[in-house]
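A.B. asks: Here it is, the structure in full.
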2 protein chains.
Amino acid sequence: MIIDIHGHLSAPEGLYAWKAGLLSHRGAHGLRAPSLSDDQIREAYFTPNASFGDVSHFDHLDGAGVDLQLLSPRPYQMMHSERPAKIVEAFTTEVNNVIHRSVQLFPDRFRGVAGLPQSMDLPIEQWLPELRRTITELGFVGVMINPDPYEGLETPPALGDKFWYPLWEALVELDVPAIIHSAGCRLPAREPYSLHFIQEETVGVWSLLNSDVLKDFPELKIVISHGGGAIPYQVGRFLPSGVRSGATPYLERLRKLHFDTCLYTQDAIELLLRTVGVEQSLFGTEKPGTGSQINPETGHWFDDIHLLVDDIAWLTDDQRAALMHGNAQKLFKL
Amino acid sequence: MIIDIHGHLSAPEGLYAWKAGLLSHRGAHGLRAPSLSDDQIREAYFTPNASFGDVSHFDHLDGAGVDLQLLSPRPYQMMHSERPAKIVEAFTTEVNNVIHRSVQLFPDRFRGVAGLPQSMDLPIEQWLPELRRTITELGFVGVMINPDPYEGLETPPALGDKFWYPLWEALVELDVPAIIHSAGCRLPAREPYSLHFIQEETVGVWSLLNSDVLKDFPELKIVISHGGGAIPYQVGRFLPSGVRSGATPYLERLRKLHFDTCLYTQDAIELLLRTVGVEQSLFGTEKPGTGSQINPETGHWFDDIHLLVDDIAWLTDDQRAALMHGNAQKLFKL
């Protein structure tokens, strides 16, 4: 059985056409969501997509043997830094609604992971009604948190900052994990999203482990996307100061977080598993997405991460089961 | 034989006391460098330092069997973003002078790598006289370039930007390598330097490989510090778009750069060598520095990277020799 915790919704073009309108009229024409039919939503998962190698969302999942995928918003579309905040709120709500409808249409294949209206023009408390709605009313199993809601325009309070505490409190109360996954980046001198994910997730891990968050919220469940950004590879930089300061050893702190396997080389996945431990790692592909391109050298999709895991010879059967589904079942209560 | 391309100078406290004065009076008391004696400079390399595990610079080099080390400025001290620019210029010149005197005092152990007065208040052309002075007059073998001279306060033009072309032209003309190594970070919500190194070096690689720099300057020699930041670990993210766009394959582009081994875990070093190739990798330790702490689990210094390389069983003798000294001799013409 394979559970993929890192999937993003596929949606009818009408959703994004509506978003383009919101960005043009900034809410002046109203915020009413477009009328998307169930057929349109269903079709979005069956229609071949040029960005995803000319096959469909389900072609990707079926081809990789993914039994259940957690669906979150498509992060680079989230536009948390756009103004006024009400267009961020309206868009986030509708994206979550489309995720919910996707889960209802395919209850055996999907579970929902919410986005929040992370406008920095709103007090963080105002992000929380949407969290509560998606978890308690729509049955979502987690939430995706963008550590940089400014999308590069300003420096956000790092995840260890008290700024985030109302969110952590709510997550502990609701007992759902946060998946840390950055969104867009609006600086022309920086990459617009993919590298920004890695960068801000890296800062996120650094900040969490150098803060009191995991002491103050021992029940908090956090998953870092994309194999933890740079941290597992660069972990050696952080071990010495951990010893020097007499703090809890760095690896011990690191292993209080969870990580997904969304890395597209076997070497990287092995390094992740050895560094953070298989028990802290969850299978995730971001499929279809960045890696949905056939590798001409192997004939496989770059994001066929299950094949890379298959090739890791040192995993025991128990570890393999934990990585591919068991850890996710436990963490997300699936 | 071991050549360590990633060393930073040790200096008498007088150098940094003078810097503190420059930052206080902003040049109003003049820019005249302090009088540091040869004995003081010599002593700096023999004096045990609490930050470096209570042993000296030479204790570290001797203990690790480093025969020759390239000495560059201590990056987090460089203060490229301080104003007025004349204090950056004065400090950089004096740091380079102390490096030069260190090389003169220990000609069998050190070679110089210059810092440049990378104030963004100066036109980039004004950084170049110091480059020419250090290379042609002082015999330095390379230059250290900070990809973020704003030190986090603003977004710098990425390394692929035409902004940097006068520097690349001068480097090709002088035929010396640039070591890309970030400096400080002044944002309280970010880590002040160590993680910033990784972050900005990551952006640097991304930008160089998505630009025409390596086409426009095929002779340019670039070394990325700290094992290339996040890129070798996250390289899978960049392979698919390389195929999609029909550009030169990403790994082929990546292997036009060089990388040092300044990573403190064997897993990370192995991943680096496998990803970029041994022929593109140069031994570097940043020793004494971040890793100069005894690992309680092994009894060795974290930055005893030669021991980690020793344990990589699959390296051939030729590869080992290239990694530990041959590649550096060739690239830096030692």
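A.B. asks: Specify whether the C-alpha gyration tensor of the stretch A:198-263 places it in the rounded, prolate or oblate class, a ≥ b ≥ c being the square roots of the eigenvalues: rounded for a/c under 1.5, otherwise prolate if a/b is larger than b/c and oblate if not. Write down the numbers at each step before the final one.
C.D. replies: Details: a/c = 1.96, a/b = 1.19, b/c = 1.65.
Oblate, because a/c is 1.5 or more while a/b does not exceed b/c.
A.B. asks: Could I ask something else about it? Just to confirm my numbers, what's the Cα centroid distance between the stretch B:268-313 and the stretch A:41-57 in Å?
C.D. replies: One Cα centre to the other: 45 Å.
A.B. asks: Further question: List the GluC sites (Glu not before Pro) in the stretch A:188-257 that DSSP assigns to loop (not H, G, I, E or B) and whose Cβ has at most 14 other Cβ atoms within 10 Å. Which are they? Kindly include the intermediate steps, with their values, before the conclusion.
C.D. replies: Values: sites: A:Glu200, A:Glu201, A:Glu219, A:Glu252; in loops: A:Glu219.
Qualifying residues, ordered by number: A:Glu219.
A.B. asks: Compute the Rg/Rh shape ratio of the protein assembly as shown: radius of gyration over Kirkwood radius, all on alpha-carbon atoms. It would help to have the intermediate numbers written out before the result.
C.D. replies: Numbers: Rg = 25.6 Å, Rh = 26.0 Å.
Result for the protein assembly as shown is an Rg/Rh of 0.98.
A.B. asks: From the residues A:Thr285, B:Leu159, B:Phe91, which one has its Cα farthest along the dipole of the protein assembly as shown in the positive direction, the dipole being from +1 and -1 charges on Cβ of Lys/Arg and Asp/Glu about the Cα centre?
C.D. replies: B:Phe91
A.B. asks: Based only on the alpha carbon positions, what is the Kirkwood hydrodynamic radius of the stretch A:41-176, in angstrom?
C.D. replies: On the way: mean 1/r = 0.0626 Å⁻¹.
Here the Kirkwood hydrodynamic radius works out to 16.0 Å.
A.B. asks: Now for a separate question. What residue among B:Ser211, B:Ser37, B:Ser281 has the largest mean-square fluctuation in a Gaussian network model of chain B, using Cα springs under 10 Å?
C.D. replies: B:Ser37
A.B. asks: Which order do peptides B:260-273, A:5-18 fall in by mean Cβ count within 10 Å, highest first? Mind dumping the intermediate values first?
C.D. replies: On the way: B:260-273: 24.0, A:5-18: 21.1.
My ranking of the peptides, most packed first, is B:260-273, A:5-18.
A.B. asks: So in the protein assembly as shown, what percent of DSSP beta bridges are antiparallel if you round to the nearest 5?
C.D. replies: Values: 4 of 42 bridges.
Of those bridges, close to 10 percent are antiparallel.
A.B. asks: Let me ask something additional. Work out the count of Lys pairs in chain B where the Cα-Cα distance is under 12 Å, with the pair 8 or more places apart or on different chains.
C.D. replies: Taking chain B as the scope, the lysine pair count is 4.
A.B. asks: Let me ask you something else. Collect residues whose amide H, placed 1.01 Å from N in the peptide plane, falls under 5 Å from the amide H of B:Ile179; neighbours closer than 5 in sequence don't count.
C.D. replies: B:Val143, B:Met144, B:Ile145, B:Val223
A.B. asks: Ranking request for peptides B:294-301, B:234-241: highest mean number of other beta-carbon atoms within 10 Å first, then the rest in descending order. All intermediate terms of the calculation are to be shown ahead of the outcome.
C.D. replies: On the way: B:294-301: 13.2, B:234-241: 22.8.
With the highest mean Cβ count within 10 Å placed first, the list reads B:234-241, B:294-301.
A.B. asks: A further question on this structure: Looking at the square roots a ≥ b ≥ c of the eigenvalues of the Cα gyration tensor of the stretch A:85-243, which shape do they give, rounded for a/c under 1.5, prolate if a/b is larger than b/c, or oblate?
C.D. replies: Details: a/c = 1.61, a/b = 1.40, b/c = 1.15.
It is prolate, given that a/c is not under 1.5 and a/b is the larger ratio.
A.B. asks: Turning to a different aspect of this structure: Which whole number gives the average, over all residues in B:193-203, of C-beta atoms from other chains lying within 10 Å of the residue C-beta?
C.D. replies: Details: counts 0, 5, 11, 1, 2, 9, 8, 1, 1, 8, 6.
Taking the mean over all residues of the peptide, I get 5.
A.B. asks: Compare the peptides A:85-91, A:180-186 by average per-residue count of other Cβ atoms within 10 angstrom and give them in order, highest first. Intermediate values should be presented prior to the final figure.
C.D. replies: Working: A:85-91: 21.0, A:180-186: 24.7.
In descending order of packing, they fall as A:180-186, A:85-91.
A.B. asks: Can I ask one more? Please compute how much accessible surface disappears when A pairs with B, both sides summed, using a 1.4 Å probe, and round it to the nearest 100 Å². Intermediate values should be presented prior to the final figure.
C.D. replies: Details: alone 14180 and 14170 Å², together 24010 Å².
Interface between A and B: roughly 4300 Å².
A.B. asks: Right, next: What percent do you get for the relative contact order of the stretch A:221-334 when only Cα pairs under 8 Å and 6+ apart count? Provide the component values of the computation, followed by the final result.
C.D. replies: Details: 138 pairs, mean separation 28.7, N = 114.
It rounds to 25 percent for the stretch A:221-334.
A.B. asks: Taking the label point as lying 7 angstrom from Cα along the Cα-to-Cβ axis, what are the distances from B:Leu187 to the corresponding position in the remaining copies, in ascending order and in nanometres?
C.D. replies: 0.6
A.B. asks: Write down the accessible area per residue of the stretch B:92-146 in Å², having rolled a 1.4 Å probe over the full set of protein chains.
C.D. replies: Working: 1800 Å² over 55 residues.
Per-residue accessible area for the stretch B:92-146 comes out at 33 Å².
A.B. asks: Suppose you put the label 7 Å out from Cα in the Cβ direction; list, shortest first and in nm with one decimal, how far B:Gly63 is from each other copy's label.
C.D. replies: Spelled out, the distances from B:Gly63's label point are 5.3 nm.
A.B. asks: Further, regarding this structure: Can you give the Kirkwood hydrodynamic radius of the stretch A:129-172 from its Cα pairs, in Å with one decimal? Show your work: numbers first, answer last.
C.D. replies: On the way: mean 1/r = 0.0844 Å⁻¹.
For the stretch A:129-172, the Kirkwood estimate is 11.8 Å.
A.B. asks: Here is a further query. Please figure out what share of the DSSP beta bridges in chain A is antiparallel and state it in percent, rounded to the nearest 5. Walk me through the intermediate numbers first.
C.D. replies: On the way: 2 of 21 bridges.
If I count the DSSP bridges inside chain A, around 10 percent turn out antiparallel.
A.B. asks: Please average, across the residues of A:146-157, the number of beta carbons from any other chain that are within 10 Å of each residue's own beta carbon, and give a whole number. Intermediate values should be presented prior to the final figure.
C.D. replies: Values: counts 0, 0, 0, 0, 0, 0, 1, 1, 2, 6, 2, 2.
Mean partner-chain Cβ count within 10 Å for A:146-157: 1.
A.B. asks: Can you put A:Leu159, A:Leu308 in order of accessible area, largest first, using a 1.4 Å probe?
C.D. replies: Details: A:Leu159 5, A:Leu308 35 Å².
Heavy-atom accessible area, descending, gives A:Leu308, A:Leu159.
A.B. asks: Still on this structure: Return a whole-number percent for the relative contact order of the stretch B:3-332, with Cα pairs under 8 Å and 6 or more residues apart as the contact set. Before the final figure, lay out each step's value.
C.D. replies: Values: 584 pairs, mean separation 56.5, N = 330.
Worked out over the stretch B:3-332, it gives 17 percent.
A.B. asks: Follow-up. Pull out a ≥ b ≥ c, the square roots of the eigenvalues of the alpha-carbon gyration tensor of chain B, then state rounded if a/c is under 1.5, prolate if not and a/b is larger than b/c, and oblate in the remaining case.
C.D. replies: Working: a/c = 1.59, a/b = 1.14, b/c = 1.40.
Because a/c hits 1.5 or more and a/b fails to exceed b/c, chain B counts as oblate.
A.B. asks: How large is the charge dipole for the protein assembly as shown, taken about the Cα centre, if only the Cβ atoms of Lys, Arg (+1) and Asp, Glu (-1) carry charge, to the nearest 20 debye? Mind dumping the intermediate values first?
C.D. replies: Working: 54 positive and 86 negative charges, 254 e Å.
Charge dipole, the protein assembly as shown, about its Cα centre: 1220 debye, nearest 20.
A.B. asks: Then there is this: Using alpha-carbon pairs under 8 Å, 6+ residues apart, how would you state the relative contact order of the stretch A:191-266 in percent? It would help to have the intermediate numbers written out before the result.
C.D. replies: Working: 62 pairs, mean separation 28.7, N = 76.
The normalised contact order for the stretch A:191-266 reaches 38 percent.
A.B. asks: What gaps in nm, shortest first, separate A:Ala321 from its twins in the other copies when you place the label 7 Å past Cα toward the beta carbon?
C.D. replies: 5.2
A.B. asks: Local charge sum around A:Gln40 (other residues, Cβ-Cβ under 15 Å, Lys/Arg +1, Asp/Glu -1)? Don't skip to the answer; put the middle values down first.
C.D. replies: Details: positive: A:Arg42, A:Arg101; negative: A:Glu13, A:Asp38, A:Asp39, A:Glu43, A:Glu94.
Spelling it out: positives minus negatives among the neighbours equals -3.
A.B. asks: OK, next. Over all residues in B:278-287, what is the mean tally of Cβ atoms on other chains that come within 10 Å of each residue's Cβ? The partial results should precede the final answer.
C.D. replies: On the way: counts 0, 0, 0, 0, 0, 0, 0, 0, 1, 0.
The shielding value for this peptide is 0.
A.B. asks: Could you tell me the center-to-center distance, by alpha carbons, between the stretch B:162-234 and the stretch B:89-145 in angstrom?
C.D. replies: For the stretch B:162-234 versus the stretch B:89-145, the Cα centre distance is 18 Å.
The values are calculated or read from the model by the stated rules, or taken from the named source; none is laboratory data. In this text the structure is predicted, and so the values were computed from the model without any measurement. Neighbour counts are summed over all protein chains in view; Cβ atoms, including those assigned to glycine, are modelled from backbone coordinates with ideal geometry. Keep in mind that these areas ignore ligands, DNA and RNA; they rest on the heavy atoms of the full protein, side chains included. Shrake-Rupley method; radii C 1.70, N 1.55, O 1.52, S 1.80 Å.
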